[in-house]
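Encoded as structure tokens, the structure appears first; notes follow it.
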Amino acid sequence: MRVLKSKFLFAFTIFYGYSSIKRGFIYVLTYLSIPLAELFLIYIITHGTFVKFAIIGGLISVMANNGFSSIGDFVFLRLESRLQDLLVATQIGPSDYIIGLMLANLLYTLPGIALYVILSIVYKVINLMNFFPLLVTMILLLFTTSSIGFFLASLVPHTRYGWGLAGLLSSILTIVPPVF
């Protein structure tokens, strides 16, 4: 069994996650616009009756968007910056690379996750009984959507298609089904 390169994971998370937040915090807000808009609409339309479902749906949406948005990042790093070509010559494996980008995107979405966790606590959606199953489910969702993102990104021929595919897939799988 291969051991993950923790120094690479930390460096890549700082390089691609923290630096993105530092350079453009406004993107964090745009990342949350759809889940927060749907939360607001559900709150207004149902007069707060289904707000607990909307909070869990928003948390699911943020985590799924995290993985699906990595499609654009993987395509950009593969086709434009050629980072994958550079990493082939090192001892960094595909799992290190995928988990590094997943952690970078997770760091990037931590404000949104924190907001939904706070809302979950305020509206008593999360308690000690369902915290750990919810945490495991969110981690599995993050790994699954990141894996789907990496697989689909390997098939995309041009960078501009990657960003579009990420948005389309995210919308199809988090808005169309009854996630909220």
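Tabulated results
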| read-out | value |
| --- | --- |
| Subset of region 32-48 that is in contact with a helix residue (DSSP H, G or I) (Cβ under 9 Å, 6 or more places away or on another chain) and among the β-branched types (Val, Ile, Thr) - its residue that is nearest to Thr174 (Cα to Cα) | Ile34 |
| Complete set of residues in region 140-180 that are hydroxyl-bearing (Ser, Thr, Tyr) and closer than 22 Å to Ile42 by Cβ | Ser170, Ser171, Thr174 |
| Pairs, first touching a residue at least 24 places away in the same chain (Cβ under 8 Å) in region 155-173, second of a type in the set (Asp, Glu) and loosely packed, with under 13 Cβ neighbours inside 10 Å, C-beta under 7 Å, six or more apart | Thr159/Glu80 |
| Tabulated pairs, region 125-138, first closer than 16 Å to Met63 by Cα, second surrounded by 11 or more Cβ atoms within 10 Å (Cβ to Cβ), C-beta under 6 angstrom, 6+ apart or interchain | Met138/Met63 |
| Selection within region 1-18 - more than 9 Å from Leu107 (Cβ to Cβ), of a type in the set (S, T, N, Q) and surrounded by 14 or more Cβ atoms within 10 Å (Cβ to Cβ) | none |
| Among the candidates Leu103, Leu77, residue that is within 13 Å of the chain's Cα centre (by Cα) and aliphatic (A, V, I, L, M) | Leu103 |
| Residue within region 84-100 that is modelled with pLDDT of 85 or more and within 21 Å of Leu32 (Cα to Cα) present | no |
| Selection count where residues are β-branched (Val, Ile, Thr), crowded, with 24+ Cβ neighbours inside 10 Å and farther than 16 Å from Thr174 by Cα, scope region 49-82 | 1 |
| Test for Val125: is it under 21 Å from Ile34 (Cα atoms) and not in a helix (DSSP H, G or I) | yes |
| Among residues of region 139-150, those that are touching a residue at least 40 places away in the same chain (Cβ under 8 Å), among the hydrophobic types (A, V, I, L, M, F, W, C) and surrounded by fewer than 18 Cβ atoms within 10 Å (Cβ to Cβ), counted | 3 |
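The values are calculated or read from the model by the stated rules, or taken from the named source; none is laboratory data. These figures come from a predicted structure and were not determined experimentally. Backbone-built Cβ (ideal geometry, glycine too); neighbour counts: all protein chains shown.
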